[in-house]
1. Identify, from the list Glu477, Glu469, the residue that is touching a helix residue (DSSP H, G or I) at 6+ places or on another chain (Cβ under 7 Å), open to solvent by 50 Å² or more (accessible area, probe 1.4 Å), modelled with pLDDT under 95 and within 28 Å of Ser518 (Cα to Cα).
2. Could we say that Ser344 is in contact with a Cys (Cβ under 6 Å, 6 or more places away or on another chain) and among the hydroxyl-bearing types (Ser, Thr, Tyr) here?
3. Please work out which residue is surrounded by the most Cβ atoms within 10 Å (Cβ to Cβ), limiting yourself to the range 116-142 and to residues that are in contact with a Leu (Cβ under 7 Å, 6 or more places away or on another chain) and either more than 30 Å from Ala160 (Cα to Cα) or modelled with pLDDT of 95 or more (or both).
4. Consider Ala394 against the criteria (1) open to solvent by less than 20 Å² (accessible area, probe 1.4 Å); (2) of a type in the set (Gly, Ala, Ser); (3) modelled with pLDDT under 90: it satisfies all of them except one. Which criterion is unmet?
5. Does the range 169-177 contain any residue that is farther than 19 Å from Pro88 by Cα and either within 16 Å of the ligand (Cβ to nearest atom) or within 14 Å of the chain's Cα centre (by Cα) (or both)?
6. Applying the selection to the range 238-248, what residues are open to solvent by 30 Å² or more (accessible area, probe 1.4 Å) and over 19 Å from Val305 (Cα atoms)?
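The values are calculated or read from the model by the stated rules, or taken from the named source; none is laboratory data. Not measured: the values here are computed from a predicted model. Note that we place each Cβ from the backbone using ideal geometry, even for glycine, and neighbour counts take in every protein chain shown. Side chains are part of the model used for accessible areas, which takes the heavy atoms of the whole protein and leaves out ligands, DNA and RNA. Shrake-Rupley method; radii C 1.70, N 1.55, O 1.52, S 1.80 Å.
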Amino acid sequence: MSTKDPAPGASKDPAERVEELRAQIAYHNQKYHQEDAPEVSDADFDALMRELRAIEEEHPDLATADSPTQQVGSAPLVLFASVAHRVPMMSLDNAFDLDELQAWVDRIARIDPAVVGADFQCELKIDGLAMSLTYEDGRFIQAATRGDGTTGEDVTHNVATVRSIPHTLSWPKGRGPVPKVIEVRGEVYMPVTAFEELNRRQLEAGLKIFANPRNSAAGSLRQKDASVTATRELSMWAYQVGALEGGPELHSQSEALSLLRDCGLPVNPEIKVVHGVDEVFALCTYWRDHRHDLDYEIDGVVVKVDDLALQRRLGATSHAPRWAIALKFPPEERTTTLLRIMVSIGRTGRATPFAVLEPVFVGGSTVGLATLHNEDQVRLKDVRPGDTVVVRKAGDVIPEVVGPVLSARKRSSRPWHFPKVCPSCGEPLIRLEGESDTFCTNIECPAQRVQRIVHFASRGAMDIEGLGEKRVVQIVEAGLVSDPGDIYALEAESLVAIERMGALSVENLLRAIEESKSRPLSRVLVGLGIRHLGPTGARALARAYGTLEAVTAVSVEELAAVEGIGSVIAESVVDFLASAGNRAVLDKLIAAGFTLAEPGGATRAVAEAASGGDTKGEDALILSGKSIVVTGTLESHTREEAEEAILGLGGKSPGSVSKKTWAVVVGAEPGAAKLRKAEGLGIPIVDGSKFEELLSTGEIPD
Ligand code: IVH
């Protein structure tokens, strides 16, 4: 199909054609996103979307909220649309102890004495993301994030995949007609068990793990592609009625929540109406001690005046209602002994120090290991083997060593020094100037070898079930494999000799290995672990050129001009393919029967033939020549994804700030030195939440 041809269904009844197009688009979306087996080129897919959009514009009665044209993320790097909240989404004031709680009650009792003796509704303070759901005539039509409280982002299509959120309200009989508009507010969260499972998968796939369930919920909701959100287990607790038009008159918060529950919305079962501050405080103490009995994270108790008329009389300050307060739990901290500091070697050779702790129960789980990130972090925290250390988990599921208890430090204690040589191969470890990471650069290093094979077999790459780290260590130690290509020469006879590998496991493993030969080129490229090339870039390359052979035949400049690649990734790909060692691995894959092709790929080769080889130069990429430093954790991207996105748009993403830096993107827990330097040099600092905006516009967001 060519985009220049007249639309195949142009003469058809528009309503019929719309249905047909939506079905085709849904089918191709499924093939592309879920099965990794696209059947049409990007251009052909775009043509279907364009035709659908044109018909919908001409016949607005045929446009529906669930049309793929309305899907968030149908086009890459489009920002989420803005949504103006009908009623502002305010935040809450906090109290941290009984005195502060009492002070709040006294304050509001001075405004309205009816507060004395009033009922308080106590609710768990769910640690997730505030969400506004709009139902019109009982039908779910929109979901928006809180944003700045006045304007949020439209995440309807992502939220529509959350199973516990009804698409139609079961409006109870006896409560009058279904309201014209009812806005339901609540917290979207990821259950702790789902979060742990997701991180397990991320780890297996060699992807960066999420810091806590809140971050993973945020990352899952900010997906441009709702089918990714659909794979993430999200849920919601509704806690408030926002705008209400044409609905029944509500008298109390507790009545509002029972109505929401009757409508089929998920309302937390632990809500309770209590009387007086002592009862409120007792409830809060109970939940502080029992918070980990729940499969979702809470960070306090929200106390609300139950009577809505009294709420209205109390009103709000500029940012928070006076009728509610959040009683926050103190962060959880425990002390334990730091037994040893060790260094692990990743597949790229990065040497990461970590603390081996006397196991301690904190934040709902037993912690025995905690990353120390890099050499500077160990020095900054001044933690030493043998120290008593404070371990914290404040909402974060990843434990952190806060620092040593200096009063308990032994006289004999000595600072820890980063090892000079790799703990696996004994070769020197290298730390480049201006970089915070240290590397083992020995390509033959057994630890790197193991990690490279683990990465190749991981879920995001070849997805070979049964080939996790433990097994890879066994087969590498047995001398059966030394690079990913060797996996395909494994035989049953040698595998059965390996400890704990019965005939059935061997059979299953060999079947999984055989199946993995059909993976598309993009997944092979991910598995090979080419520096800077992540899943997005790998897919862009594979779709553009179709086969590895075609990728190998083009120049750095041509590769760099592919949207999502840029010169740094292009150079890295070309270097990788030029290495004899890497070619040998690829030859093993070809000999094993790999086609190294992307179904539906080669869009670029075709386009070039049609346009006389006219390629867009890298100068056309919006971050060309711009150097962007990312520091701290972003909610929307892992570090690798952020780097790949910048490089893919022609930019650079060095590890340190200099005069040449164009912008510094700041996430959670940023490097203080980088920030200070950026401020000193007058370099624009961009809030992490605006990173997507920077990527889509190529400009510094306001
Ligand atoms: S009521 C105007 N109830 O806490 C009152 N908020 O720190 C709005 N939250 O933005 C909030 N659980 O995201 C309310 N049961 C609950 C809550 C809750 C969690 C979050 C909410 C809000 C934040 C304020």
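1. Glu469
2. Details: in contact with a Cys (Cβ under 6 Å, 6 or more places away or on another chain): no; among the hydroxyl-bearing types (Ser, Thr, Tyr): yes.
No: the conditions fail for Ser344.
3. Only one residue fits best here, namely Tyr135.
4. (1)
5. Within the range 169-177, none of the residues are farther than 19 Å from Pro88 by Cα and either within 16 Å of the ligand (Cβ to nearest atom) or within 14 Å of the chain's Cα centre (by Cα) (or both).
6. Those that are open to solvent by 30 Å² or more (accessible area, probe 1.4 Å) and over 19 Å from Val305 (Cα atoms): Leu244, Glu245, Gly246, Gly247.
Residue-wise test of (1) in a loop (DSSP other than H, G, I, E, B); (2) open to solvent by less than 50 Å² (accessible area, probe 1.4 Å); (3) under 30 Å from Asp295 (Cα atoms); (4) not hydrophobic (A, V, I, L, M, F, W, C).
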| site | (1), (2), (3), (4) |
| --- | --- |
| Gly368 | no, yes, yes, yes |
| Leu380 | no, no, no, no |
| Gly386 | yes, yes, no, yes |
| Ser407 | no, no, no, yes |
| Leu432 | yes, no, no, no |
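Yes or no, residue by residue, for (1) open to solvent by 30 Å² or more (accessible area, probe 1.4 Å); (2) farther than 29 Å from Arg523 by Cα; (3) part of a helix (DSSP H, G or I):
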{"position": "Pro177", "(1), (2), (3)": "yes, yes, no"}
{"position": "Glu187", "(1), (2), (3)": "no, yes, no"}
{"position": "Arg201", "(1), (2), (3)": "yes, no, yes"}
{"position": "Ala217", "(1), (2), (3)": "no, no, yes"}
{"position": "Glu233", "(1), (2), (3)": "yes, no, no"}
{"position": "Met236", "(1), (2), (3)": "no, yes, no"}
{"position": "Leu250", "(1), (2), (3)": "no, yes, no"}
{"position": "Leu259", "(1), (2), (3)": "no, yes, yes"}
{"position": "Glu270", "(1), (2), (3)": "yes, yes, no"}
